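The structure under discussion appears below in the form of structure tokens.
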Amino acid sequence: MTGMIKVGVVGYGTIGKRVADAVLLQDDMKLIGTTANTYNYRIKSAHRKGIRIFPVGHSVRREILGSYYDIDVAGNMEDLVTQSDVIVDCTPKGIGFKNKELYVKLTTKAVFQGGEPSGIGKSFVSQCNYDEAVGENFIRVVSCNTTGLCRTLKALDDNYKVEKVHATMIRRAADPWDIYHGPVNALVPHLVVPSHHGPDVRTVMPHIEIFTTSVSVPTTLMHMHSLAVDLTDSPVVEDIAKIFKETTRVRVVHNSDGIRSTAEIMEYAKDLGRSRGDMPEVCVWSDTIGVWGNKVMYLQAVHQESDVIPENIDAIRACVGAGSAQESILKTDQSLGI
Ligand code: NAD
């Protein structure tokens, strides 16, 4: 593809607003605009940033946005889809599946999120399977947890073959802005095993034997994963730490830097000057890496709001065939300060 890739964002929430900002930072992409499903502070701030707004659905919504809230309306969702080379659909779970019909009808490629069923498009984690997604009409960036698992497991698998994995996801209750979800005062085990994360990892790396369990906990600051990975060889702790340190989108953090919790990682991201205090890298504590025979154990923290943003940018390039995995990952990382 020559020229700028025209990108539309459908669903301007936790993920959508970050994808839109990341697209604005790319020198090979042009943000056509985003949808507005309801009026709220997010749409107000998008409008103030100069992002064009395309209301979803009924024309009354357009009139209200324009006349009551003083938002310049650029068209409707169909216009956005028609004007875009690629739509990044960041709507809540299940809506993307319904929207796919429109993308098919208007022959626009689309990148979906991890809440959608795996059959909706090629499951994608940049550093694992970018090449397999090149030219696909529909790509699904897997969930924040699956992305986090895939990044460190791929690094271990490339260096020591992974025989099998058991991982427990300790999951944040809700995103920080979300006043509706919980738990507020309980630890809630997911009562189905394996949790969906293990099978989801296999949609990206089918050869990985993995069993996952999951618990929701009262925090909004990141997920934590506890992993036990059987390798074909017996590694040493320092080598594992070095491998993670050299792996893109993985950050090794240390107790000696005063990073002992997800709260301190989030504060560190703010101190680094990251937009919205985001930490798109998966953070592995060097102090938690333990080796027991052929088994390596470690704890990693995943910033649910931002770790999938670089993948969305790479997925846009992959589906239009703009550059190799290495070129795209480098370009994305540089633009986001990773
Ligand atoms: P969100 O609720 O924060 O945002 C969704 C946005 O879509 C809202 O602005 C809403 O108004 C809008 N919307 C609702 N219905 C719509 C429609 N019919 N058309 C257009 N817009 C509509 O959701 P989110 O957390 O950003 O999640 C989006 C997707 O990303 C889901 O698949 C989710 O599983 C996935 N995801 C979420 C996280 C996370 O932690 N928040 C992490 C990774 C992946």
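Residues in segment 1-25 that are at pLDDT 95 or above, open to solvent by 10 Å² or more (accessible area, probe 1.4 Å) and of a type outside the set (D, E, K, R) were compared, and the one that is nearest to Gly96 (Cα to Cα) is Gly11.
Scanning segment 79-112 for residues that are of a type in the set (D, E, K, R), assigned to a strand (DSSP E or B) and more than 10 Å from the ligand (Cβ to nearest atom) yields a count of 1. When every residue of segment 166-183 is checked against the conditions, at least one turns out to be open to solvent by 10 Å² or more (accessible area, probe 1.4 Å), hydroxyl-bearing (Ser, Thr, Tyr), within 16 Å of the ligand (Cβ to nearest atom) and not in a helix (DSSP H, G or I).
Does Ile53 qualify as being under 23 Å from Glu101 (Cα atoms) and either open to solvent by 30 Å² or more (accessible area, probe 1.4 Å) or within 14 Å of the ligand (Cβ to nearest atom) (or both)? Considered against the rule, which asks whether it is under 23 Å from Glu101 (Cα atoms) and either open to solvent by 30 Å² or more (accessible area, probe 1.4 Å) or within 14 Å of the ligand (Cβ to nearest atom) (or both), Ile53 comes out as yes.
Note on segment 150-165: residues that are in a loop (DSSP other than H, G, I, E, B) and buried (at least 20 other Cβ atoms within 10 Å of the Cβ) total 1.
Does Ala228 qualify as being away from the ligand (no atom under 15 Å from the Cβ), under 26 Å from Met266 (Cα atoms) and not in a loop (DSSP other than H, G, I, E, B)? Taking the combined requirement at face value, the residue satisfies it. The set of residues from segment 185-223 being touching a residue at least 40 places away in the same chain (Cβ under 8 Å) and among the small types (Gly, Ala, Ser) comprises Ser214, Ser216. Leu227 fulfils the conditions (1) at pLDDT 95 or above; (2) out of contact with any helix residue (DSSP H, G or I) (no Cβ under 9 Å at 6 or more places or on another chain) except for a single criterion, (2).
Looking only at segment 113-131, residues that are away from the ligand (no atom under 12 Å from the Cβ), open to solvent by less than 10 Å² (accessible area, probe 1.4 Å) and part of a helix (DSSP H, G or I) come to 3 in all. Filtering segment 18-41 to residues that are out of contact with any helix residue (DSSP H, G or I) (no Cβ under 6 Å at 6 or more places or on another chain) and within 8 Å of the ligand (Cβ to nearest atom) leaves Asn37, Thr38, Asn40. Of the set (1) open to solvent by 50 Å² or more (accessible area, probe 1.4 Å); (2) in a strand (DSSP E or B); (3) within 16 Å of the ligand (Cβ to nearest atom), all apply to Leu221 but (2). Taking the stated definitions as given, is Glu305 assigned to a loop (DSSP other than H, G, I, E, B) and either under 22 Å from Val204 (Cβ atoms) or in contact with a Phe, Trp or Tyr (Cβ under 8 Å, 6 or more places away or on another chain) (or both)? So Glu305 fits the description; yes.
The values are calculated or read from the model by the stated rules, or taken from the named source; none is laboratory data. Just so we're clear, the structure is a prediction, and the values are computed from it rather than from any experiment. In this analysis, Cβ positions are derived from the backbone assuming ideal geometry, glycine residues included, and neighbour counts consider all displayed protein chains. For accessibility, only protein heavy atoms count, side chains too; no ligands or nucleic acids. Shrake-Rupley method; radii C 1.70, N 1.55, O 1.52, S 1.80 Å.
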